[in-house]
Amino acid sequence: MLLALASAVLAASVSWATPTLAVAYSHLPCRWPSSSVKFYANTSGAHLTAFTSGASAWTGATAATLTRVTSYSSAQFYGVAAYDGNTGYDGQTTWTCNLLLQFSTVNVVLNRTYMDSYGATEKKVIAMHELGHAMGLDHSTASGYPVMASSAGNSYNHGTTTLKSDGITSTNTRY
Ligand SMILES: [Zn+2]
């Protein structure tokens with residue numbers, strides 16, 4: 001039996017955050033054992049679209065393949081959209097990993113308290129950020145407001161709607 005080695009809550013802050021360092025991406029301690037990862041999204045409508053379009057963005061631009069499956073039992077991690085209240089976070093990803101530094105559990109929550117008022121593209125960007133965490137990426141300090149900056153909403157407000165080189169490189173060096 002593998003013991004949980006580490007866990008954390010990662011959140012996309014709504015608040016303003018200005019990157020101040022020139023370097024770039026960072027990784028969480030854990031990753032998936034292979035580049036093909038399956039998740040189940042327990043939501044519907046616009047938030048399901050956010051999950052699927054966000055996953056497609058990673059799959060289309062990186063060496064990883066992030067696939068939404070419709071069977072809970074065949075998924076490696078889970079996503080949901082819920083009213084989390086005025087937490088200051090558009091979304092949160094919680095994770096645990098085992099002694100092999102592979103993910104044991106990953107759960108993504110999109111906070112409908114804020115997300116419900118966002119358009120489809122902003123929803124996608126927030127989902128992309130959380131799914132990036134779910135793949136093992138930590139926040140990026142790269143310039144140019146990347147998706148994995150500490151506040152994906154802030155990056156969106158600066159015009160970011162797609163992955164940039166930091167997120168692509170970060171993923172491809174992991175997988
Ligand atoms: Zn984050």
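Quick note: the coordinates plus some simple rules give every number you see, no bench work behind them. Keep in mind that this is a model prediction, so the values were computed, not measured. Glycine also receives a Cβ, built like all others from the backbone with ideal geometry; neighbour counts cover every protein chain displayed.
Relative intensity of the chain on a log10 scale, I(q)/I(0) at q = 0.08, 0.12, 0.14, 0.20 Å⁻¹, equals -0.20, -0.47, -0.65, -1.41, per a Debye sum over C-alpha point scatterers of equal strength in the absence of solvent. Among rounded, prolate and oblate, which fits the range 71-149 when a ≥ b ≥ c are the square roots of the eigenvalues of its C-alpha gyration tensor, a/c under 1.5 means rounded, and a/b larger than b/c means prolate? Oblate, because a/c is 1.5 or more while a/b does not exceed b/c. Shown is the FRET efficiency for S74 and S143, computed with R0 = 41 Å from the Cβ-Cβ distance and rounded to the nearest 0.05: 0.55. With the Cα gyration tensor of the range 112-171 giving a ≥ b ≥ c as the square roots of its eigenvalues, does the rule (a/c under 1.5 for rounded; else a/b larger than b/c for prolate; else oblate) give rounded, prolate or oblate? Prolate, because a/c is 1.5 or more and a/b exceeds b/c. The string of couplings for the range 49-65 from the Karplus curve (6.51, -1.76, 1.60, θ = phi - 60°) is 4, 4, 5, 6, 6, x, 5, 4, 4, 5, 4, x, 10, 10, 6, 8, 10 Hz, one whole number per residue in order, with x for Gly and Pro. The calculated 222 nm mean residue ellipticity attributable to helices in the chain amounts to -9000 deg cm²/dmol, summing -39500 (n - 2.57) over DSSP H runs of n ≥ 4 and dividing by all residues.
Identify all lysines with a Cα-Cα distance to K164 below 18 Å; exclude those on the same chain that are fewer than 8 residues away in sequence. By straight Cα distance, K164 reaches K123, K124. Partners of K38 within straight-line reach, counting aspartates and glutamates whose Cα lies under 19 Å from its Cα and excluding those fewer than 8 residues away in the same chain: E130. When peptides 95-101, 69-75 are sorted by average Cβ neighbour count within 10 Å, with the highest value leading, the order is 95-101, 69-75.
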